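K.L.:
I'd like to ask you about the structure that follows.
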Amino acid sequence: MNFAFTLTLYFNLLVPSQEQFYFTHPDQIPVITIGGQEWTTTNWNFKTPKSFFYNNDSTLDKKYGRLYYYSNAVGATPPGFHLPTMDEWWQLINYLGGPNEAGKKMMEGGDSGLNL
């Protein structure tokens, strides 16, 4: 089962716009397996009516992708992926050492491979 990230409604898959995709098929989206779960490792950048850039700065799109309201993130999810449930998030957090350790491991440079 593949999971797409969302942290505070950040969606973590990578597509620059509706017109041009980095990935033309969901099988091309890079994933990492952590604790038996598959998570995407790239930022999603699919334009929807209510999506926006981090800090309203389009030059940050490659690094951070877009930010979405939940309803738009659900609609922008590619086939074969879904937004994780709270239970799925907690499974990941617990696998990575719990609330005090997981954040450091998930951030860029952490040892989980997620590089959020």
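The values are calculated or read from the model by the stated rules, or taken from the named source; none is laboratory data. Remember, it's a predicted structure, so these values are computed and weren't measured experimentally. Glycine gets a Cβ as well: all are built from the backbone with ideal geometry, and neighbour counts include every protein chain shown. To get the accessible areas, we keep the full protein, side chains included, count just its heavy atoms, and leave off ligands, DNA and RNA. Shrake-Rupley method; radii C 1.70, N 1.55, O 1.52, S 1.80 Å.
K.L.:
So, of the residues in the range 71-80 that are within 19 Å of residue 43 (Cβ to Cβ) and over 13 Å from the mean Cα position of the chain (by Cα), which turns out to be most open to solvent (accessible area, probe 1.4 Å)? Explain how you work it out, then say what you get.
P.N.:
Keep residues of the range 71-80 that are within 19 Å of residue 43 (Cβ to Cβ), which gives 72-80.
Cutting the leftovers down to over 13 Å from the mean Cα position of the chain (by Cα) gives us 72, 75, 79-80.
Numbers: 72: 24, 75: 64, 79: 99, 80: 60 Å².
Looking at the filtered set, the residue picked out is 79.
Okay, residues lined up against (1) without any contact (Cβ under 8 Å) to a residue 24 or more places away in the chain; (2) not small (Gly, Ala, Ser):
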| position | (1), (2) |
| --- | --- |
| 31 | no, yes |
| 37 | no, yes |
| 59 | yes, yes |
| 76 | no, no |
| 82 | no, yes |
| 88 | no, yes |
| 107 | yes, yes |
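K.L.:
Next question, about the same structure. Give the range 98-110 a look and list any residue that's open to solvent by 50 Å² or more (accessible area, probe 1.4 Å) and at pLDDT 90 or above, or say none.
P.N.:
99, 100, 101, 104, 105
K.L.:
Moving on to the next point. Tell me which residues, restricted to the range 46-57, are of a type outside the set (Lys, Arg) and surrounded by 12 or more Cβ atoms within 10 Å (Cβ to Cβ).
P.N.:
Within the range 46-57, 46, 48, 51, 52, 53, 54 meet the criteria.
K.L.:
Please work out which residue is farthest from residue 39 (Cα to Cα), limiting yourself to the range 81-97 and to residues that are open to solvent by 20 Å² or more (accessible area, probe 1.4 Å) and over 14 Å from the mean Cα position of the chain (by Cα).
P.N.:
Residue satisfying both the conditions and the ranking: 97.
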